[in-house]
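J.: Dropping the structure in here first, questions after.
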Amino acid sequence: MVNREGGQLFTIEGIAAGLLMILTAYLVVSATSVYTAGDTHISDMQLEQIGSDTLKIMDTPENRTTQSDLQMIFSKPIIDEEKFKTNFLALTNNTTSKANDHINFTANYTCRIYPGNDIASSQFSHSRNLTSGEHAVRVTKWVIVNRSFCGTTGEDRAVLVEVLMWRD
Amino acid sequence: MARLNDDAQWIILMGFLISFSFFFLALIINQSTVVGQTTAESIIEFPKNDIRDFRGIFIDVIAKNTTLANSPTIQNDLKSISLNRKNAVVNFSVWYKPNDAHTYVDLYYNNGVTLYNETWASL
């Protein structure tokens, strides 16, 4: 009777070894997807925040009676592409160290064609052309613009400024 | 075999415990990068900036300017462009109460995943 209990230790050992092997196999299979910092989208999240903040700054007027930088850019007879580019790059690429960041962008605006519900988008400023390789994030800002375009003359219009930005 | 010499059972047991604990620790490390990714993705997916921007343009600019607030052109601009470029249905209205100096603004934003409603009152 006593002798027949001799298999218990072997059974436990077998179960434990089996569990270990299954766990090992699971870990090996699930470890094949290697995440790099770029895959986790954490840098995208930060870049998007920098862009939103920049556009927010550019659309904040100095006081209640003046126009914001973005409104001034749009109220020129020809949209002031250079001013947008200079301001946007200065605000996004500034760092606390001496070396600047390498953020580039292309910007376009969208307006509604009056009357009706069709929309039109056109690019108005860019620091570099977008090729297919960049990993860009999109940031947007509503601006109230007074200019003669999109079917109206000299009337206030709501325009959506969209910026695609990426780090080189 | 086990009958012959049982003296090492403690050592074997400790060996099992330690190896199991290593596997669980490895499992936690294995999952840690995925946690960072899903957090960042859900933050990107939530239209925080869209809502703040829409709220900002409406409360800070349009509601303070009667010409803009009553302009159907501006309202249609916001609705059409939101739908086309942000896949979001937006609606808003400015209203007043009799014998009340406050301005009230109703805002509605819905992009199919996130729904945002607000009634804002001026100070």
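J.: Criterion first (surrounded by fewer than 19 Cβ atoms within 10 Å (Cβ to Cβ) and either of a type in the set (D, E, K, R) or under 19 Å from A:Gln49 (Cβ atoms) (or both)) does A:Arg112 satisfy it?
T.: no
J.: Ok, one more. Could you check the range B:54-84 and list, in sequence order, the residues that are of a type in the set (A, V, I, L, M, F, W, C), at pLDDT 90 or above and surrounded by fewer than 19 Cβ atoms within 10 Å (Cβ to Cβ)?
T.: If the condition is that a residue be of a type in the set (A, V, I, L, M, F, W, C), at pLDDT 90 or above and surrounded by fewer than 19 Cβ atoms within 10 Å (Cβ to Cβ), then B:Leu83 is the only one that fits.
J.: Here's something else I'd like to know. Which strands (runs of 3 or more DSSP E) sit wholly inside the range A:81-157 and have at least 3 residues that are in contact (Cβ under 8 Å) with a residue 24 or more places away in the chain and away from chain B (no Cβ under 13 Å)?
T.: The strands (runs of 3 or more DSSP E) meeting that bar are A:103-112, A:119-126.
J.: Now a separate question. Given the residues B:Leu83, B:Leu27, which is the only one that is under 20 Å from the mean Cα position of the chain (by Cα) and either part of a helix (DSSP H, G or I) or more than 7 Å from chain A (Cβ to nearest Cβ) (or both)?
T.: Checking each option against the conditions leaves just B:Leu83.
J.: Can you tell which of A:Ser122, A:Ser127, A:Ser68, A:Ser132 is among the small types (Gly, Ala, Ser), exposed (fewer than 14 other Cβ atoms within 10 Å of the Cβ) and either touching a Lys or Arg at 6+ places or on another chain (Cβ under 6 Å) or at pLDDT 85 or above (or both)?
T.: A:Ser122
J.: (1) more than 14 Å from every other protein chain (Cβ to nearest Cβ); (2) surrounded by 12 or more Cβ atoms within 10 Å (Cβ to Cβ); (3) within 20 Å of B:Gly56 (Cα to Cα): which one isn't true of A:Glu62, the others all being true?
T.: Exception for A:Glu62: condition (2).
J.: Test B:Lys64 against the stated conditions and say whether it is more than 7 Å from chain A (Cβ to nearest Cβ), touching a Ser or Thr at 6+ places or on another chain (Cβ under 9 Å) and either in contact (Cβ under 8 Å) with a residue 40 or more places away in the chain or over 14 Å from A:Thr140 (Cα atoms) (or both).
T.: Against the criterion (more than 7 Å from chain A (Cβ to nearest Cβ), touching a Ser or Thr at 6+ places or on another chain (Cβ under 9 Å) and either in contact (Cβ under 8 Å) with a residue 40 or more places away in the chain or over 14 Å from A:Thr140 (Cα atoms) (or both)), B:Lys64 qualifies.
J.: Cβ-Cβ below 9 Å, separation at least six or inter-chain, first residue in the range B:106-122 and of a type in the set (Val, Ile, Thr), second in a strand (DSSP E or B): which pairs?
T.: Filtered contacts from the range B:106-122: B:Thr119/B:Tyr104; B:Thr119/B:Val105; B:Thr119/B:Asp106; B:Thr119/B:Leu107.
The values are calculated or read from the model by the stated rules, or taken from the named source; none is laboratory data. None of the values given here were measured: they were computed from a predicted structure. Ideal geometry is used to build each Cβ from the backbone, glycine not excepted, and the neighbour counts take in all protein chains shown.
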